[in-house]
Each structure stands twice: as C-alpha cells, then as structure tokens.
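Peer 1: Take this structure, written in structure tokens, and hold onto it; I'll ask about it next.
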Amino acid sequence: RYLNSGITSAMKANKKQKQLPPPYKYNNDGILTHTETGKKFNEQLSQDEYERVGDYVTDYIRNKLESDYNLTKITIPLDASGHEPTSEIYSSKDWKTRDKLILFIQGRGPVRPGIWARSVCINGSLKEGSQFIYFDRAASEGYGFLVLNPNNNVAVKKSGLTQKTKEVSIRGSEDSEGHVLYVWDKLVSQAVAKDVFIVAHSYGGVCTMNLIRERGENIFQRLRAIAFSDSVHPHDPRGFESPVILEYLKENCVNWVKSNEPLDTVIEQKPGVRSQYCKVVSSGHVAHEYTSFTAFDSIFKFLQQKYEELHPKPK
C-alpha cells in the first residue's frame, strides 16, 4: 500500500516527535504565534523541529484551500488505477467554464499547493508567503485557476511483513517539469478558456520555459502571457530557435526579480548567456522569497493589460 503522496519531514522524524504538534498556531492576522505566549514565531530550532513546524504550516494551508477557499482537489493521474501512487492539484470550482484561466506554479523545495514560500509563512505571514491573495484577486477578476503541485513526485510504498518502504514515482509527475506538462496536456485541454495565463515563482519559471520548449509555438494559441516572480530559468537556446517564440517571450513575458530598485523599474540585461528572453523588472524587494508578494499587484495589472489587448473595450 501507499502512504501519503510525497515524503514529508515528519516521516523522517521519530514517531514520538511526529505525534507531538508544534506549540504554534496562526492568529487572525495570519501570523504564526506561540500557543502559550501569543508571541510571533522567532525561535532558533533544530532542523527537525523547524521541519515539524513546516509540516504543520503545510497541512494548515492545505486544509484552508478546501475549507476557506472552496477549492476542489483533483487527483492525478486522472486515470489512476487503485494500485498506483497519486498526487493532487487544486482548482477553483469554475476552472473549466471561465473564459480565462490562470496556472499558479511554485518553485522547488517543500512548498505545496497554496504556498509560494514556506519560510515566509513561518517567519512572516500567510499574506506574504501563501498564494491566498492571488486566489482572492483571481476570483474577483473573473479568472478560473489551477494550483499546481510540482514538488510531489514520489510516494512511499510499504510491503511485506517487515513493512519495508521504497519510493515509487508518481506517473505524470515524475519531476516538476513533467508535472507541468501533464497538467497542460490533460487538464488545461479540458477548459473552455481561450485565454490562459501562467504565474510562476522561482523554479516554476524553469518548468514554464520547458513547457514552451516541449510544446512549441502552438501553445501560444491559448497561452497569452507569463508573469514570473524571480524565475531562475537560465539562458538556454535549445528549442528557442523559432523567431515566433522569441518574439512572444519578449512581448508577453515579464520577470519580477529581487532588486533594491523601486517596484517595476526595468533591469537592464547583459547580452548573451545572462539574457532571460523576457522583460526583467524589479519586484521591489531584495529577498527572493518575498518577490511573489511584493510584485502581486503589478502582476495582475500586467495580466489585465494583456487580456485587454486581446479584448479591447469598445470606445
């Protein structure tokens, strides 16, 4: 049988530690506080203790996706048998029927659906580190959306009398890049939206560029714009020889990077290997993990601008 998809740090901890909840909870302002003192989280913990707090935060946010944001959990692969490991993504209720759709893709590491930066959810606030404000804004502006889960790539299988464990890859999500391809091919294809947008943070940008590389310029029939927050995609010319692709990225893709310059200040790129193919501007913050939060308003203004270019309002 399979345990919960993915391997959490709690599995690596001893059983006694796993059973004990961390002495922290979120207050009404979305700030992690001590259950007894009410003080903001600000402690030096061992790595195991910190990971246990991180697992609590991940579970807390996952629960809110369904309880507070009324998102739907979609099990993938869609045609999974009862004998193979699965993962999940989340969606707004109306993702199939809205005329515009957003894919939210986080970076690498322990981040799961609903989270841009787990460390910020722990040390800052949910407003700054989670994807919640993106969900609220997307819904208010009429988008359907899918919340991807690119880091859940294996499940743990127990077998035999000894309950020996081994890792088993999840079909379609063997790695982050494959997960994004699977969602595009198997789920986005089900949506009626002719206008699809991607918002991707950090390594999510690598996955997005791989999507374009693998599916080619035909993807632009629906993919209207891409907003990156400090994407780490490199200059890699493979698959980008097409002038159509290069022109698309130049005109319809912006990367809000960490910088001490004011928000939206254009960052000049050096030619050659340092070029990211797209426009690069300041996120207004010097820390990588905060860029999704500080660029939030600018990202939605950019998406709206691109939508209105395709659907100009009558004068």
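Peer 1: Could you pull out the residue among Ile31, Ile61, Ile76 that is open to solvent by 20 Å² or more (accessible area, probe 1.4 Å), of a type in the set (A, V, I, L, M, F, W, C) and under 27 Å from Ile133 (Cβ atoms)?
Peer 2: Of Ile31, Ile61, Ile76, the one residue that is open to solvent by 20 Å² or more (accessible area, probe 1.4 Å), of a type in the set (A, V, I, L, M, F, W, C) and under 27 Å from Ile133 (Cβ atoms) is Ile31.
Peer 1: Right, next: Scan the strands (runs of 3 or more DSSP E) fully inside the range 219-297 and keep the ones with 1 or more residues being small (Gly, Ala, Ser).
Peer 2: 223-229, 279-282
Peer 1: A further question follows. Determine the pairs where a residue that is surrounded by 14 or more Cβ atoms within 10 Å (Cβ to Cβ) and modelled with pLDDT of 90 or more, located within the range 232-260, has a partner that is basic (Lys, Arg) and part of a helix (DSSP H, G or I) with Cβ atoms under 9 Å apart, the partner being 6 or more residues away or on another chain.
Peer 2: Ile245/Arg213; Asn252/Lys306
Peer 1: Let me ask something else. Residues that are polar (S, T, N, Q): find the strands (runs of 3 or more DSSP E) completely inside the range 76-190 holding 2 or more of those.
Peer 2: Correct list: 87-91, 164-169.
Peer 1: Another question, then. Just to be sure before I move on: is Glu309 more than 16 Å from His201 (Cβ to Cβ) and at pLDDT 95 or above in the structure I sent?
Peer 2: Judged against the criteria, Glu309 is a match.
The values are calculated or read from the model by the stated rules, or taken from the named source; none is laboratory data. The structure presented is a predicted model; accordingly, all values stated were derived computationally and were not measured. All Cβ positions, glycine included, derive from the backbone under ideal geometry; neighbour counts span all protein chains shown. Surface areas here come from the heavy atoms of the whole protein model, side chains and all, with no ligands, DNA or RNA. Shrake-Rupley method; radii C 1.70, N 1.55, O 1.52, S 1.80 Å.
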